[in-house]
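The values are calculated or read from the model by the stated rules, or taken from the named source; none is laboratory data. These figures come from a predicted structure and were not determined experimentally. Using ideal geometry, Cβ is built from the backbone for each residue, glycine included, and neighbour counts are taken over all protein chains shown.
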Amino acid sequence: MKNKIALFLMAVLVVLSPVSAGVTGVSSIQAEAAVKNPVKVSLSTTTPKQRTNVTLNVAGVPKNTAYTGTIFYKSKKTYISGKVGTPKKFNISTATKGYKVKIEIVVKYNKQTYKSYAYFTPK
């Protein structure tokens with residue numbers, strides 16, 4: 001009977017060892033995922049006409065925190081920068097009608113780097 005219990009306990013240890021080893025990895029991934037992105041990006045319009053201005057607003061972290069950004073047009077990239085809480089106006093010029101333009105905003109705050117996105121499609 002003692003041998004059966006010992007064998008059972010050894011089997012449990014063998015089965016649980018990989019699981020318990022993996023739990024550490026999972027918890028670190030969960031810890032990283034637990035850091036929520038506070039940065040919010042909004043646009044004055046998501047369907048602007050060509051040759052018009054669009055206003056970008058960045059919020060979610062303290063005002064005057066610097067940000068950088070990239071506007072991914074169909075055939076080029078445009079780099080922008082600004083401060084959180086200060087509207088950033090830019091002209092979309094002749095951005096391709098019907099092409100969904102991505103705007104990536106990067107904010108470094110409190111030893112963290114956050115990325116947020118906004119999109120517009122010229123009409």
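Restricting attention to region 49-106, the residues being under 23 Å from residue 35 (Cβ atoms) and of a type in the set (Ser, Thr, Tyr) number 4. How many residues does region 113-123 hold that are surrounded by 12 or more Cβ atoms within 10 Å (Cβ to Cβ) and of a type in the set (S, T, N, Q)? Result for region 113-123: 2. Residues in region 88-111 that are farther than 17 Å from residue 123 by Cβ, modelled with pLDDT of 95 or more and loosely packed, with under 12 Cβ neighbours inside 10 Å: 1 in all.
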